[in-house]
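The values are calculated or read from the model by the stated rules, or taken from the named source; none is laboratory data. Only a predicted model underlies this, so the values are computations on that prediction, with no experimental measurement involved. Neighbour counts are summed over all protein chains in view; Cβ atoms, including those assigned to glycine, are modelled from backbone coordinates with ideal geometry.
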Amino acid sequence: MATNYNSYFPQTYTQMPYVYGGGAVAPSTSTAPVSNQGSTSFINWVQGEAGAKSINVPAGQTVLLMDSETNVFYVKSSDVSGFPLPIRTFKYEEISQDATEDGPPPSTYVTKEELDERLTELTSKIKEGKSNGKFDI
């Protein structure tokens, strides 16, 4: 006569396995909800524009993709339905401290005297009627 001892002594299982070791603490069994918000605080490295195009972007998210081959970076986005938007490409370069202190190069500025000369030339052309509505600058 065979008896089934398993029915008299049911096995109970714990959620966490026993941790071996002196004084080791078992991991907590908290059931706090895990937030998955798609953080973009890390850098994604790609190789060229083809590598940037191959990256999948979650729906409604934007990621920054740094090119490891050239001095450009890409911003890739998708709309809320997950359809990818066109990749935007940006060029980055170092800004020296000398350029920021002095402002833009002096060739982009005109002195007050040069401006006054140019204005007098243009007003004289208008008065003479030589401009025909177009200015030869």
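Of all residues in region 81-98, those satisfying the criterion of being of a type in the set (Ser, Thr, Tyr) and at pLDDT 90 or above are Ser81, Thr89.
Only one entry in Ser131, Ser78, Ser41 is touching a strand residue (DSSP E or B) at 6+ places or on another chain (Cβ under 7 Å) and either modelled with pLDDT under 90 or surrounded by 10 or more Cβ atoms within 10 Å (Cβ to Cβ) (or both), namely Ser78. Among the residues here, Gly60 qualifies as part of a loop (DSSP other than H, G, I, E, B) and surrounded by 10 or more Cβ atoms within 10 Å (Cβ to Cβ). Against the conditions (1) at pLDDT below 85; (2) part of a loop (DSSP other than H, G, I, E, B); (3) surrounded by 10 or more Cβ atoms within 10 Å (Cβ to Cβ), Ala24 satisfies every one except (3). In region 63-97, the residue that is nearest to Ala52 (Cα to Cα) out of those that are among the small types (Gly, Ala, Ser) and either touching a helix residue (DSSP H, G or I) at 6+ places or on another chain (Cβ under 8 Å) or assigned to a strand (DSSP E or B) (or both) is Ser77.
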